[in-house]
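Data first, discussion second: the structure below is written as structure tokens.
Just so it is clear, none of the values below were taken in a lab; they were calculated from the coordinates. Computed from a prediction, not measured in an experiment: that's the story for all the values here. Please note: Cβ atoms are built from the backbone with ideal geometry, for glycine as well, and neighbour counts cover all protein chains shown.
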Amino acid sequence: MTPSVRFSFSIINGKTVHRLVHDDLEGCVEAVRKAYVAHSEAQSVNPPSVFLRFDDRPNARIIGLPSHLAAPWDISGIKWIASYPENVSRGFPRASAVVILNSHEHGYPFACLEGSIISAARTAASAVLAAQQLGHGARQVRAFGIAGTGLIARYVYRFLLGTGWKIETVHLFDVASTEAQRFATQVCEPDHHAAIQVAPNLPALLKACDLVLFATVASSPHVADPELFAHRPLVLHISLRDLAPAVILNACNVVDDVDHVLKAETSVHLAEKVTGGRDFIAGTLPQVLKGECVVDHTRPVIFSPFGLGVLDLAVGKWVYDRAVALGEHLVVDDFFYDLGR
């Protein structure tokens, strides 16, 4: 006997995800903002990420980020994202991913989305939201410095411009100078800036900029001098492991989730090990959003987000809803087939 119940399952490809995200960058940032607030109000479940590592490829990993968002989303899901750094030398991005969305009513998955774009977009949206909330309110900056000129840097840069930021000068640094030059010529939009410069070294970039993005693949701290931040810039420490404890402890530190970021040898985790406490963390970005945390601008301000799975879930559902409304999803008939008991 064939049961009458049917469960829809859709696939949304990267081309569609990319267009829907870039057609409404403000909407993507708003999806991330709502997810942060929901998470801070215990309307989410965001367990620790699962890391799959390999003896024969020690620099590679695949990470599972499961999460749940309560009403009005009422969904669960997971981002399954692989990071293979050697891909860069082969001419394509190190990260690849899928996002699976599950119904909270019955648990059945209802969508699979290309996830590397969702991951980059939620990271960029989080960084832009932090820049707006932790800065002085105006969407403008005299000098924006980018350390690490890969895909994430590209997304953050384009999210800033696409949400109305005015950036006078752009300063670029990458350990591979050709990558910084490529970013300057292929990514940056010269009509929006007075100058675009490739910095001779990282200290020169840090001293010149009042907004700094770290988007490197550094596995341990390589910036140790707090004096490089004496001019009190806002630092978007997306790559998490660039700054030595001395730099962290000399700053006003804001994170996305305290328990999540204080692990895996992040810079703030190392600072916790040095001090034996967490008092150097001023608060979380959701607390800033809700007016529950005051940002101390008499010191450098550093935002260190570990990256919450609920952000991937929120952006994934936002993309899914728009794709379905536009009829731009591939419905897979009979994906769930043997439904008899």
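Considering the values (i) 0.97; (ii) 1.27; (iii) 1.01, which represents Cα Rg over 2.2 N^0.38 Å as calculated for the structure under consideration?
(iii)
Which one of 286, 113, 215 has its Cα pushed farthest toward the positive end of the charge dipole of the chain, where Lys and Arg give +1 and Asp and Glu give -1 at the Cβ?
Selected residue: 215.
Grab every C-alpha pair in the stretch 136-308, bin the distances at 10 angstrom width from 0 up to the longest one, and report whole percents.
Calculated P(r), rounded to whole percents: 10, 40, 36, 13, 1.
Taking the Cα centre of the stretch 219-341 as origin and charging only Cβ (+1 Lys, Arg; -1 Asp, Glu), how large is the dipole, in debye to the nearest 20?
That gives the stretch 219-341 a dipole magnitude of about 320 debye.
Among 199-209, 25-35, 101-111, what's the highest-first ranking by average C-beta atoms within 10 angstrom per residue?
Listed from highest to lowest mean packing, they are 25-35, 199-209, 101-111.
Just how large is the dipole of the stretch 45-203 about the Cα centre, in debye to the nearest 20, putting +1 at every Lys and Arg Cβ and -1 at every Asp and Glu Cβ?
Details: 13 positive and 11 negative charges, 38 e Å.
That gives a dipole near 180 debye.
Amide H neighbours of residue 110 under 5 Å, at least 5 residues apart or on other chains, H built in the peptide plane: list them.
101, 102, 103
Could you name the lysines in cross-link range of residue 263, using Cα to Cα under 19 Å and dropping any fewer than eight places away on the same chain?
In chain and number order, the partners are 273.
Suppose only helical runs count, i.e. DSSP H with n ≥ 4. What mean residue ellipticity at 222 nm does that imply for the chain under -39500 (n - 2.57) per run, divided by all residues and rounded to the nearest 500 deg cm²/dmol? Mind dumping the intermediate values first?
Working: 11 runs with 115 residues, N = 341.
After summing the helix terms and dividing by the residues of the chain, the value is -10000 deg cm²/dmol.
Rounded to the nearest 5, what % of DSSP beta bridges with both residues in the chain are antiparallel?
Values: 31 of 64 bridges.
Beta bridges within the chain, antiparallel portion: roughly 50 percent.
Extending each Cα 7 Å along its Cβ direction at residue 189 and residue 15, get the distance between those two points in nm, one decimal.
2.4 nm
Just want to confirm a number: the relative contact order over the chain, from Cα pairs under 8 angstrom separated by 6+ residues, in percent. Don't jump to the answer; show the numbers that get you there.
Details: 681 pairs, mean separation 73.1, N = 341.
After rounding, I find 21 percent.
Give me the lysines in straight-line cross-link reach of residue 290: C-alpha distance below 17 Å, same-chain residues under 8 apart excluded.
List returned: 34.
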